[in-house]
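Novice: Before anything else, here's the structure in question.
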Amino acid sequence: MVKAFRRIIAAVTVAVLAFRAVGSFLSWIEHQEDSTAETWIDEDEFEDV
């Protein structure tokens, strides 16, 4: 009974950590996409001047 309880806690812990890792990774990707878009906008404005 104790082993099953520990395994359930371990599985929940791993699931939470995986969810947080995926969320952090997606947030990082979103930040990278925003940075690239700003760079292209700045270059276009520079060429127009």
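Novice: Using 7 Å Cα-to-Cβ label points, what is the Ile9/Gln32 separation (nm, one decimal)?
Specialist: 3.7
Novice: Please work out how much length the chain gains when fully extended from Val2 to Ala21, using 0.36 nm per residue of separation minus the C-alpha to C-alpha distance, in nm with one decimal.
Specialist: So the extension gain works out to 4.0 nm.
A short reminder: the numbers here are calculations on the coordinates, not readings from a lab. Keep in mind the model is a prediction, meaning the values are calculated, not measured. Cβ coordinates were reconstructed from backbone atoms using ideal geometry, including for glycine residues, and neighbour counts include every protein chain displayed.
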